[in-house]
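First comes the structure, then the notes that go with it.
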Amino acid sequence: EGERAALSNMGDTYLQAGQYQKAIATLTLALRVKVPGDSRETNPGRLVRLADVYLASGHATKSLELMDQALPLFQENEKRDKATALEILGRVYLSLNDPEKALPALKSAFDENLKIGESAELTRLTLDLARAHKLLGNLDEARTQSDACLARIEASRSMLINPERRSSYFGTQQE
């Protein structure tokens, strides 16, 4: 577990530095490290992470291949990881200019994140849904999704402005 985590962290660092080839090579090594107690040959979460790097580097087709491998491998108790995978799949289809396929993946990711209470992910997904609707020519729905996205951002911002929450946040930062 330690070796995989170290390789994953290195891959993330390379990604943040924009060194996509090094990120891909390092995350590919992390993918090969077997997780103790996991009977699956390949960890789907690592495949999704690698697919996300390929997408960021402009290789959407390779990203789609990896997503097709990863999605069937998720187990029932991996709802958060599967929701992330569906979101990335939607973004892959958007980058391939295929909003018809992006929309169901993004809707599923949205619904799953809503069920598990991942409100931070919902804002980005709402924006991606708006993009998909716009590409499909559903401009009214794109506007509705964009307005919903802005409302989510405003609601988050207002929570930060709340003096009680601010003092709670800063109290945790000074410890």
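General remarks:
- Carbon/sulfur fraction of accessible area - the chain, other protein chains in place, 1.4 Å, %: 52
- Between the C-alpha center of region 46-103 and that of region 1-41 there is a gap of 17 Å.
- Cα gyration tensor shape for region 29-95, rounded if a/c is under 1.5, else prolate or oblate: oblate
- Where the chain is the region considered: accessible area per residue in Å², 1.4 Å probe: 60
- Pairs of lysines in the chain whose Cα atoms sit within less than 25 Å of one another amount to 19, provided the residues are eight or more positions apart or on different chains.
- For the options Asn138, Asn113, Asn77, a Gaussian network treatment of the chain with springs between C-alpha atoms closer than 10 Å singles out Asn77 as fluctuating the most.
- Between Ser57, Ser95, Ser158, the Gaussian network model of the chain with springs among Cα atoms under 10 angstrom shows the greatest mean-square fluctuation at Ser158.
The values are calculated or read from the model by the stated rules, or taken from the named source; none is laboratory data. Since the structure is predicted, the reported quantities are computational estimates derived from the model, not experimental observations. Note: accessible area is taken over every heavy atom of the protein model, side chains too, but ligands, DNA and RNA are not part of it. Shrake-Rupley method; radii C 1.70, N 1.55, O 1.52, S 1.80 Å.
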